[in-house]
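A.B. asks: Pasting a structure below so you can have a look.
The values are calculated or read from the model by the stated rules, or taken from the named source; none is laboratory data. These figures come from a predicted structure and were not determined experimentally. Neighbour counts are summed over all protein chains in view; Cβ atoms, including those assigned to glycine, are modelled from backbone coordinates with ideal geometry. Remember, those area values only see protein heavy atoms, side chains included, never the ligands or the DNA or RNA. Shrake-Rupley method; radii C 1.70, N 1.55, O 1.52, S 1.80 Å.
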Amino acid sequence: MIKVEHFTFNPLQENTYLLSNEKGDALIIDPGCYFTAEQETLKTHIAQQQLTPVMLINTHCHLDHVFGNKWAAETYKLELYLHKDEEKVFEWAPAFGLMWGLSFDNYKGPLHFLQPGDNIFLGEDSLKILFTPGHSPGSVSLYCEAQHFVISGDVLFLESIGRTDLPSGNHAQLIKSIHEQLFTLPDETVVYSGHGSVTTIGHEKKHNPYVQTC
């Protein structure tokens, strides 16, 4: 069974996710730790829980989700997994960091590309890759059918949606992704977003003013 934990990091209040199983294997998803103290918080927790990170994943590559990529990769000897359509966004991230006054060193190791429909395995548990572009061109969500949850990145939030006014954003595409990839999941599916609080698919169908369906 997968245990889901999150840490809110950096000035943009991004949710970094740590998924682990009973054997102590772990996935680091969207490491947004910008400050040394944030890196130490995540590192200390991983050590205290006796976890071994085995995979580093970006749901998308806006700067607040990739600040900690280089640190996580070097600390735990990991390589980065992302969708191929995020490669340019990944490359642009440091330049956007300078614009925000948040300079950082980008990860420079090998890139591995996630394919929609494929599964990521954490021991005997699995997460299905859902292609959910719009907020960024290669956004993916990670769906655990067995435990009824999805890691949505910045696609869907509690009664809100990801912004689409950034370069390569596409509002119509985002709405389509939500309706065709996320709102087709069971209503009880818990949504772990890239910012803010936890919600459910059922709640968003009824109460999200941007994509309300009933």
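A.B. asks: Which is the longest stretch in the chain that no exposed loop site breaks, taking sites as GluC sites (Glu not before Pro) with a DSSP loop state and at most 14 other Cβ atoms within 10 Å? Walk me through the intermediate numbers first.
C.D. replies: On the way: sites that count: Glu22, Glu79, Glu124, Glu145, Glu188.
It runs 23-78.
A.B. asks: Just from its helices, what would the mean residue ellipticity at 222 nm be for the chain, if runs of 4 or more DSSP H residues each count -39500 (n - 2.57) and the sum is divided by every residue, rounded to the nearest 500 deg cm²/dmol?
C.D. replies: Here the helix-only value at 222 nm equals -7000 deg cm²/dmol.
A.B. asks: Let me ask something else. Would you mind working out the magnitude of the charge dipole of region 79-133 relative to its Cα centre, with +1 at each Lys and Arg C-beta and -1 at each Asp and Glu C-beta, to the nearest 20 Debye?
C.D. replies: Dipole of region 79-133, to the nearest 20 debye: 160 debye.
A.B. asks: A further question on this structure: Return P(r) of region 1-70 (all Cα-Cα pairs; 10 Å bins starting at 0; whole %; ordered from short to long distances).
C.D. replies: 22, 57, 20, 1
A.B. asks: In percent, what relative contact order does the chain have, based on Cα pairs under 8 Å that are 6 or more apart in sequence?
C.D. replies: Numbers: 470 pairs, mean separation 31.9, N = 214.
Worked out over the chain, it gives 15 percent.
A.B. asks: May I ask you to list the trypsin sites (Lys or Arg not before Pro) in region 137-214 that are in a DSSP loop and have at most 16 other Cβ atoms within 10 Å of their Cβ?
C.D. replies: Arg163
A.B. asks: Another one. Taking every eigenvalue of the Cα gyration tensor of the chain, multiplying by 5 and rooting it, what semi-axes result, largest first, whole Å? Please list the in-between numbers first.
C.D. replies: Details: eigenvalues 122, 87, 47 Å².
So the equivalent ellipsoid measures 25, 21, 15 Å along its semi-axes.
A.B. asks: As a quick test, which of the pairs Lys23/Lys70; Lys176/Lys205; Lys43/Lys77; Lys84/Lys205 have an alpha carbon distance above 20 angstrom in this structure? Each step should come with its number before you reach the end.
C.D. replies: On the way: Lys23/Lys70 25 Å; Lys176/Lys205 14 Å; Lys43/Lys77 13 Å; Lys84/Lys205 30 Å.
Beyond 20 Å: Lys23/Lys70; Lys84/Lys205.
A.B. asks: Taking a 1.4 Å probe, which of Trp71, Trp100, Trp92 shows the most accessible area, and what order do the others take after it?
C.D. replies: I get Trp100, Trp92, Trp71, largest accessible area first.
A.B. asks: Quick one: among Gln181, Gln49, Gln147, which has the greatest mean-square fluctuation in a GNM of the chain with alpha-carbon springs under 10 angstrom?
C.D. replies: Highest fluctuation among the options: Gln49.
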